[in-house]
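Reviewing the structure listed below.
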Amino acid sequence: MKKTTTSSLGFAASALLLASAAFADGLKITNVAIAPRDAKTATVTFDIAWTNAYRFDSFHDAAWVFFKVRPDAKSAWQHARLTADKVVNPTGFSSGEGTPLEFVVPGGDEGFVGMFVRLAKDGRGAVSAQKVTAVVDLSILKPETRNLKPEVRAFGIEMAYVAEGPFYLGSSVRRINCFYEYQETGTNIPPYHVTGVGAIPTGKQKGKLWALGFLPEDNGQIPAAFPNGYAAFYCMKFPYFTQSFYADFLNTLTVDQAKKRWYADGQGREIQRTGTAPDYTYTPTSPDARTAWLSWEDHARVAAWAGLRPLSELEFEKAVRGLDAPEGTDAGLSFYGLQEVNVGDAYERQVTVATAEGRKFTGTHGRGIAELPADWPSAVKGGVAYRGNFFRYRKYSGVGHFTTGGRAPDSNPKADRFSGNFFSQMDLFAGCRIARTAPAGDTIAAAGLAARFDASVVRPLARLAAPVKVDKLPDGLGKPVAVLGTTETLFPANSRCLMKYQERVLWNGPADLSGKVYLAWDGEALLVGAEVTDDQHVNTQKGDSLWNGDAIQFGVVTPKSVHWNLAVALTTNGVAVHQFVGGSDALFKTLECNVTRDDAAKLTRYGVRLPLAAIGLAPGDTFGFDTLICDGDDNKGMRHNMRMAEGISYPFRTELYPRFVLAK
C-alpha cells in the first residue's frame with residue numbers, strides 16, 4: 001500500500017503497516033509518510049502504538065525509532081539521520097494527536113541515527129499517537145536523485161531504561177562461573193559492588209572482581225571504556241527479534257548482505273524468500289513470533305543496522321538486579337522491566353569480560369549500516385558469553401542455572417544453520433538484547449535514583465530534648481530518615497510494570513503508596529514513626545499475617561546481634577502488633593504504639609515507642625534499623641511494599657540494614 005503526496009520536489013511516501021517489530025507489547029508503526037521541509041531536510045509522519053508503556057520518575061520504557069530511505073524502488077536503502085537542535089524534544093518533532101509523547105535524539109559523532117519515543121509524563125498504559133512528526137536529513141541522497149520520489153520506512157524496537165547507579169555482580173549462592181569479590185581466606189563469595197564508572201580491577205587479590213570460572217584477567221582490569229553497567233543505558237525489553245522485524249531487516253539489505261543473514265534450513269523455515277535475484281522479498285510466516293536460529297553475528301549485524309550496540313554481561317546483571325543485592329536464586333524478574341528474564345527457553349548472548357576479545361569492546365554504536373564497528377567482539381574468538389536460561393545446554397542444565405549470576409562461554413558461535421545436531425539446534429533458543437548508551441543531556445536523568453542506604457555508613461541520631469508520647473508521633477521527630485515513593489524503593493519488581501509470565505497488581509504512583517519514615521530517641525525509648533500516603537487502607541489480618549495488608553514492619557539489630565522484627569497495623573479490630581523475632585517477649589510487653597487513619601487526606605500515621613532497656617540499647621550504641629510499608633487495598637492481602645533497604649522481608653538479611661548510632 002502506498003500513498004503519494006504532491007509537492008514541488010515530487011516526494012512519495014510508503015505506508016508500512018508492520019514496519020516495526022510487533023513485540024509482546026505490540027509495538028507498531030504505521031501510516032508512514034514523507035514530505036519536503038527545505039532543500040536538505042524532510043518531515044516524516046507516522047502513527048505509533050504499543051500496549052504496556054510506563055513512566056515514573058526515571059523509570060520508563062521507550063521505543064527506539066529509526067528510518068531508512070531510498071530515492072526509488074531500484075536503489076539501495078540508506079539509513080536516514082535525524083536533524084535535531086537539542087536532545088529532548090527538538091524543534092520540528094511533535095507527538096501529533098493522541099498520547100502525549102517525548103522525543104530523545106542522541107547526538108554527537110555516533111548520533112542522529114534514531115530517537116527514543118516515550119511517554120511525556122508519569123503514568124502507564126497503552127500508547128496510541130497519530131501524525132507523529134520527526135525531521136530527517138536527506139543530504140545522504142545525491143542531489144540528482146532527490147526528485148525521484150524517495151521512499152521512507154520506519155522501524156521500532158521496545159527498550160527499557162536502566163538508570164545510572166551502583167549495582168552488584170555475582171550471587172548470594174554459588175552459581176556456575178558467577179562473579180564475586182575475591183577474599184584471601186575462606187570460601188565466601190560475596191558479590192562485587194560496582195560503585196562508579198572507570199576501570200574495574202580483576203584478579204585473585206583481595207577486594208578485586210573475580211569469578212568461579214570463565215575468568216577475567218588475573219591481576220588485570222576491565223578497561224574504563226568497557227560498558228561496566230554503572231552509566232545509564234537503554235536495553236531491549238525482550239531477548240529476541242520477531243519474524244516481522246528480522247524480515248524487514250533482510251528486505252533493506254543488499255542481495256549479498258541478505259544472503260549471509262538468511263538460511264533456508266534455519267530462519268527460512270519461518271521467513272520465506274520469494275522472487276528472483278536481485279529482487280528477493282522476505283516474508284514472515286508468523287510476524288509476532290520469535291526469530292529462531294540466529295548467530296551472534298546475525299544479532300550484531302541487526303544492532304549495527306539499527307544504530308544500537310551489543311549488551312555487556314555486566315550491564316545484563318545491572319538491568320535485571322538493579323540496585324538490589326543478589327538474593328536466593330535471583331531469577332525471573334527484572335528491576336528495570338526487562339521481559340522474559342531467565343524464563344522460557346531462550347538463553348542470551350552478551351559481550352564477556354572473560355577474554356581479551358570481549359574486553360576490547362568500548363560500547364561503540366552502530367551507524368545504521370550492517371557493518372560492525374572495529375571494537376565489537378567476535379564470538380569465534382571467544383568474545384561472547386551465555387547468560388540466563390541454560391536449560392537447553394545440557395552441560396549446564398539444572399534448576400540452579402535459571403539465574404542472573406550464572407555464566408558460560410559461547411560454545412557454538414557459528415551454529416547458525418540447522419543441520420539436525422544438538423549444537424545447531426541450540427541456536428533455535430539463542431536470544432540477544434541489544435542496547436544503546438543513554439545520551440548526555442537527557443532531562444529524565446535528573447530524576448535520578450532514590451537514595452539507598454549503605455550499611456557500612458553509620459548515621460547519628462540526635463537525642464530529643466524531652467520524651468515524646470506515642471500519640472504525638474511522628475510529630476516532633478525532625479526530618480524523616482527516609483522518603484519512600486519511587487520505583488527504586490518499590491517491591492516486588494513486577495509491581496513496577498507489567499511483566500509477561502509474572503503479572504501482578506501494579507503500583508500507580510505516589511498517591512497509591514508512598515511514605516516518610518522517622519527515627520529518633522528521647523533518652524528512654526527508640527521512637528519509630530511513619531506517615532503513609534495510601535489511597536485505600538485495608539487490613540483484616542492478625543498474628544503472623546499482620547504484614548499481609550496495610551501495615552508497617554520494622555527491624556532493629558542490637559550491638560549484641562539480637563534481632564527484633566515487628567509489624568504494626570490498624571486492622572478492622574483496632575491497632576495490632578506482632579513480633580516475628582526477638583530476644584524475648586520483653587519488648588512486646590512494654591512497647592507502645594498508635595495508628596490513625598485520615599481517609600479524607602488518604603494518610604495513615606504510625607507511632608511506636610520501643611523502651612531502650614527492653615531492646616538492649618544504650619547511649620552511644622550503634623544498631624541496625626530497617627522498615628517496609630505494606631500496601632493492601634482489599635482483603636486479598638499485600639499488593640506491594642516500599643522499603644528503606646533490603647533485608648527487611650523474610651528471610652531476613654540483617655547485614656543489609658542501615659546503621660545508626662544513639663548520639664550521646
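For the stretch 625-638, does any single residue satisfy the condition of being in contact with a helix residue (DSSP H, G or I) (Cβ under 6 Å, 6 or more places away or on another chain) and either in a strand (DSSP E or B) or in the same structural domain as Gly509 (by TED's automatic domain parsing) (or both)? Scanning the stretch 625-638, I find no residue that is in contact with a helix residue (DSSP H, G or I) (Cβ under 6 Å, 6 or more places away or on another chain) and either in a strand (DSSP E or B) or in the same structural domain as Gly509 (by TED's automatic domain parsing) (or both), so the answer is no.
Scanning the stretch 93-128 for residues that are surrounded by fewer than 16 Cβ atoms within 10 Å (Cβ to Cβ), under 25 Å from Thr437 (Cβ atoms) and among the small types (Gly, Ala, Ser) yields Gly108, Ala120.
In the stretch 140-175, which residue that is crowded, with 18+ Cβ neighbours inside 10 Å, in a loop (DSSP other than H, G, I, E, B) and basic (Lys, Arg) is modelled with the highest pLDDT? Walk me through how you get there before you give the answer.
We begin by selecting, within the stretch 140-175, every residue crowded, with 18+ Cβ neighbours inside 10 Å; these are 141, 146, 148-163, 165, 167-172, 175.
Pick out the ones that are also in a loop (DSSP other than H, G, I, E, B) and you get 141, 146, 148-150, 163, 165, 170-172, 175.
Checking which are basic (Lys, Arg) leaves us with 146, 149, 175.
Details: Arg146: 56, Lys149: 75, Arg175: 85.
Step by step, filter the stretch 140-175, then rank; the result is Arg175.
For the stretch 256-280, the tally of residues that are in contact with a Phe, Trp or Tyr (Cβ under 8 Å, 6 or more places away or on another chain) and assigned to a loop (DSSP other than H, G, I, E, B) stands at 4.
In the set Ile615, Ile648, only one residue is farther than 18 Å from Ser545 by Cα and of a type in the set (Val, Ile, Thr); that residue is Ile615. Checked against (1) assigned to a strand (DSSP E or B); (2) farther than 21 Å from Pro480 by Cα, Val517 passes all but a single condition, namely (2).
Scanning the stretch 605-614 turns up no residue that is among the hydroxyl-bearing types (Ser, Thr, Tyr), within 30 Å of Tyr168 (Cα to Cα) and at pLDDT 95 or above. State whether one or more residues within the stretch 373-390 are at pLDDT below 65 and not in a helix (DSSP H, G or I). Yes, the conditions are met somewhere in the stretch 373-390. Exactly one residue out of Asn548, Asn594 is surrounded by 16 or more Cβ atoms within 10 Å (Cβ to Cβ) and not in a strand (DSSP E or B), and it is Asn548. Can we say Lys121 is out of contact with any Phe, Trp or Tyr (no Cβ under 6 Å at 6 or more places or on another chain), in contact (Cβ under 8 Å) with a residue 60 or more places away in the chain, part of a loop (DSSP other than H, G, I, E, B) and over 25 Å from Thr487 (Cβ atoms)? No: the conditions fail for Lys121.
Restricting attention to the stretch 176-201, which residues are part of a loop (DSSP other than H, G, I, E, B), over 17 Å from Ala224 (Cα atoms) and more than 22 Å from the chain's Cα centre (by Cα)?
Hits for the stretch 176-201 are Ile176, Asn177, Tyr182, Gln183, Glu184, Thr185, Gly186, Thr187, Asn188, Ile189, Pro190.
Filtered by the rule that a residue be on the phi > 0 side of the Ramachandran plot, at pLDDT 90 or above and surrounded by fewer than 24 Cβ atoms within 10 Å (Cβ to Cβ), the stretch 323-367 gives a lone residue, Gly363.
The values are calculated or read from the model by the stated rules, or taken from the named source; none is laboratory data. Computed from a predicted model, the values in this text were never measured in an experiment. Every residue, glycine among them, receives a Cβ derived from its backbone with ideal geometry; neighbour counts consider all protein chains shown.
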